[in-house]
Amino acid sequence: MEKRLKEYFGKYGEVLQTVIMRDKVTGRPRGFGFVVFANPSLLDRVLQDKHSIDGRTCSFPTLHFAEKDLPWALV
C-alpha cells in the first residue's frame, strides 16, 4: 500500500516517505496515511487536484508541516 501511494503521488514530484496507519492489534489499515514530499511547493499543486487511488477517494482535511519543514498531507 505504501508503495502504491508513493507511486501515485510521485507523479507530482519526489516523495520521501509514505506511511499507512495500521491497527496495532490486527495490522489492518485504518483508512488513512501520510505522504512526505521533498519539495514543499508541490503541495499547492497536489491539493488543487482530486485524487482517487484504487477506487478510494483521498481527502486532505488537515495539512501540517512535519519536523525539519518537510510537508506532509493526510491521505
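The values are calculated or read from the model by the stated rules, or taken from the named source; none is laboratory data. Not measured: the values here are computed from a predicted model. Using ideal geometry, Cβ is built from the backbone for each residue, glycine included, and neighbour counts are taken over all protein chains shown. Each accessible area value is taken on the protein alone, full model and side chains, heavy atoms only, with ligands, DNA and RNA left out. Shrake-Rupley method; radii C 1.70, N 1.55, O 1.52, S 1.80 Å.
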key: Pick from the range 26-58, criterion over 11 Å from LEU5 (Cα atoms) and charged (D, E, K, R), ranking: most open to solvent (accessible area, probe 1.4 Å)   = LYS50
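Search the range 4-38 for residues being assigned to a loop (DSSP other than H, G, I, E, B), within 14 Å of HIS51 (Cβ to Cβ) and free of Cβ contacts under 8 Å to residues at least 12 places away in the same chain, and hand back the single one that is farthest from the chain's Cα centre (by Cα).
LYS11
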